[in-house]
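Q: Dropping the structure in here first, questions after.
The values are calculated or read from the model by the stated rules, or taken from the named source; none is laboratory data. Quick caveat: nothing in here was measured; it's all calculated off a predicted structure. Positions of Cβ are generated from backbone atoms using ideal geometry, with glycine treated the same way; all protein chains shown enter the neighbour counts. Accessible surface areas use protein heavy atoms only, side chains included; no ligands, DNA or RNA. Shrake-Rupley method; radii C 1.70, N 1.55, O 1.52, S 1.80 Å.
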Amino acid sequence: MKLLDGKIVSHNILEKLKEEIAVLKSTGKPVPFLAAILVGNNPASETYVASKEKSCAAIGMNSEICKLSGDILQTELLAVIDKYNNNPACNGILVQLPLPKHIDENDVINHIKPEKDVDGFHPVNTGKLVIGTDCLVPCTPAGIHEIIKFYNIETSGKHAVVVGRSNIVGKPIANILIQKKPFANAVVTVCHSAANDLKFFTRQADILIAAIGSPLFIKADMVKDGAVVIDVGINRIDDAARPKGYRIVGDVDFDRVAEKTSFITPVPGGVGLTTIAMLLKNTLQAYHTQNQISL
Ligand code: GUN
């Protein structure tokens, strides 16, 4: 078993971005700018957005967190998005999910200009991902793909089984791996909690991607010997022995599953770190696209 180290992968990406931004600055070009919109006070969302801001600062990218009250009206939120859509200095807009129940998430995502949609959630980007043309790719699946490339994991002709069908991870990673492209060209199965016999599918996986959102859900008997296991879960579970009273675990029962695998991502230290790196990479990509258009 070999650990797939998200720290190394994300560090490499961030170092390249840092150098590119330094070059932009030294030639007097505008600095890429990411706006993160946070609605309400979900503690996990606050943590994620804060770490996104910290990562921007570390590579010299400009960023701004726009904190909005949890009872904001839909129209008011759309107006904030308009402000960033119409600000030429803003290259990327991210609305942290989940949103409060009274807000229509799809309507909000649809409102972001596709070329500033650094989460890759807008239907224009989703459609391009399905077709296989250049687009802003959702950050977590893009991070998984970077891990696969970095460790030179063979995917062509392999059976990739994705557990979870979210728009954020499950559907886009399936669409990445199914493309007739390098480090893709896999046979992809997407399964989910309604499967009659989930184990039947997971045991066939050469590459198993767990994006369920349920702590330690994937057990050793659900995994084939020698499989590559990618754990997307970030779950808090109570742990009185920890100073914060909880610890973070993945969707995979790592302690029992790891020894059966050829490669496995740890949690923390796996996919999560690459997600932020890809967000910043998307912001730089958006910057370049926008600056070409405006020339
Ligand atoms: N909530 C959970 N994951 C994500 C993500 O990748 N982007 C945004 N905006 N919200 C999320």
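Q: Tell me the relative contact order for the chain as a rounded percent, counting alpha carbon contacts under 8 Å between residues six or more apart.
A: So the answer I get is 21 percent.
Q: For the chain, what % of the accessible area comes from carbon and sulfur atoms, probe 1.4 Å?
A: Carbon and sulfur atoms account for 55 percent of the accessible area of the chain.
Q: If you build the Cα gyration tensor of the chain and take the root of 5 times each eigenvalue, what three semi-axes come out, in whole angstrom, biggest first?
A: Its equivalent ellipsoid spans semi-axes of 32, 22, 19 Å.
Q: Let me ask something else about it. Using the crude model of +1 on Lys and Arg Cβ and -1 on Asp and Glu Cβ, and no other charge, please compute the dipole size for region 182-238 relative to its Cα centre, in debye to 20.
A: It works out to roughly 60 debye.
Q: Would you mind putting 52-63, 11-22 in packing order, based on average other-beta-carbon counts within 10 Å, highest first?
A: Order by mean packing, descending: 52-63, 11-22.
Q: Assigning unit charges at the beta carbon (Lys, Arg +1; Asp, Glu -1) and nothing else, what dipole magnitude in debye, to the nearest 20, does the chain show about its Cα centre? Working shown, then result.
A: On the way: 31 positive and 30 negative charges, 96 e Å.
Roughly 460 debye for the chain.
Q: May I ask you to list the lysines whose Cα is less than 30 Å away from that of LYS219, ignoring any residue fewer than eight positions away on the same chain?
A: Reachable lysines: LYS2, LYS7, LYS149, LYS158, LYS171, LYS199, LYS244, LYS260.
Q: Per DSSP H run of n ≥ 4, the term is -39500 (n - 2.57); total these for the chain, divide by its residue number, and report the mean residue ellipticity at 222 nm rounded to 500 deg cm²/dmol.
A: -12500 deg cm²/dmol
Q: Roughly how many Å is it from the Cα centre of region 27-100 to that of region 251-295, as a whole number?
A: Result: 19 Å between the Cα centres.
Q: With equal scatterers on the alpha carbons only and no solvent term, can you work out the Debye log10 of I(q)/I(0) for region 1-160 at 0.11, 0.19, 0.21 1/Å?
A: -0.53, -1.35, -1.47
Q: For region 27-177, what is the accessible area per residue in Å², given a 1.4 Å probe and the full set of protein chains?
A: 44 Å²
Q: Which of GLY233, GLY28, GLY269 moves most in a GNM of the chain, Cα contacts under 10 Å?
A: Looking only at GLY233, GLY28, GLY269, the largest GNM fluctuation is found for GLY28.
Q: What is the Cα convex hull volume of region 92-148 when expressed per residue in Å³?
A: In region 92-148, the Cα hull volume divided by residue count equals 88 Å³.
Q: Here is a further query. Which value, in debye to the nearest 20, gives the size of the charge dipole of region 136-295 about its Cα centre, when Lys and Arg are +1 and Asp and Glu are -1 at the Cβ? Let's see the in-between values first.
A: Working: 17 positive and 13 negative charges, 64 e Å.
About 300 debye.
Q: With r defined as the distance between the Cβ atoms of LYS25 and LYS67 and R0 fixed at 25 Å, what FRET efficiency is calculated, to the nearest 0.05?
A: That pair, LYS25 with LYS67, gives E of 0.35.
Q: Given a 1.4 angstrom probe, what's the average accessible area per residue across region 218-274, in square angstrom?
A: Computed with neighbouring chains in place, this is 48 Å² per residue.
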